[in-house]
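Here's the structure we're looking at; comments come further down.
The values are calculated or read from the model by the stated rules, or taken from the named source; none is laboratory data. Treat the numbers as computed from the prediction; the structure is a model and nothing was measured. So basically every Cβ, Gly included, is an ideal-geometry build from the backbone, and we count neighbours across all protein chains shown.
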Amino acid sequence: MNVLRLAKWLQERGERVVLFADRDSPVFEQAILQGITAVHFMSSFKYGDIVNAQRLSSLMAGQKLDMLVLHTNRQMLVSVLAKLLSRRPVKLIYQQHMHIGDKRDWFHRWE
């Protein structure tokens, strides 16, 4: 749930945060519970999803967002297309996560 930790941290610093996610996902549900604005958005196609890119661009314009943080490679193309279709200047930030789980071996528990 790195996405939620980042969203919560940004919100605590005074930034306005809007999470775009599938409404049936655990991230969406947890965002609502933690007081983070969540908007249903799901892209069905891996490549060339121009319809959802336009939809994302419109959702971002409606929320007056000027920055989009992506967390997976799958989100890259639709986000770039949304940026290109946007009438507002939008900054894209890609934050890669390492999904290897907690490090519980002897080396990482020495403290």
What number of residues within region 8-32 satisfy the criterion of being in a helix (DSSP H, G or I) and touching a strand residue (DSSP E or B) at 6+ places or on another chain (Cβ under 6 Å)? 4
Give V17, V69, V78 a once-over and let me know the one that is of a type outside the set (K, R), touching an Asp or Glu at 6+ places or on another chain (Cβ under 6 Å) and closer than 16 Å to Q95 by Cα. V78
Whether any residue in region 75-89 is of a type outside the set (V, I, T), surrounded by 12 or more Cβ atoms within 10 Å (Cβ to Cβ) and without any contact (Cβ under 8 Å) to a residue 12 or more places away in the chain is what I want to check. no
Restricting to region 59-77, give me the number of residues that are over 13 Å from A21 (Cβ atoms), in a helix (DSSP H, G or I) and hydrophobic (A, V, I, L, M, F, W, C). 4
Do the conditions hold for L59, that is, is it at pLDDT below 90 and touching a strand residue (DSSP E or B) at 6+ places or on another chain (Cβ under 7 Å)? no
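Could you list, in sequence order, the residues of region 33-58 that are assigned to a helix (DSSP H, G or I) and more than 13 Å from the chain's Cα centre (by Cα)?
L33, I50, V51, N52, A53, Q54, R55, S57, S58
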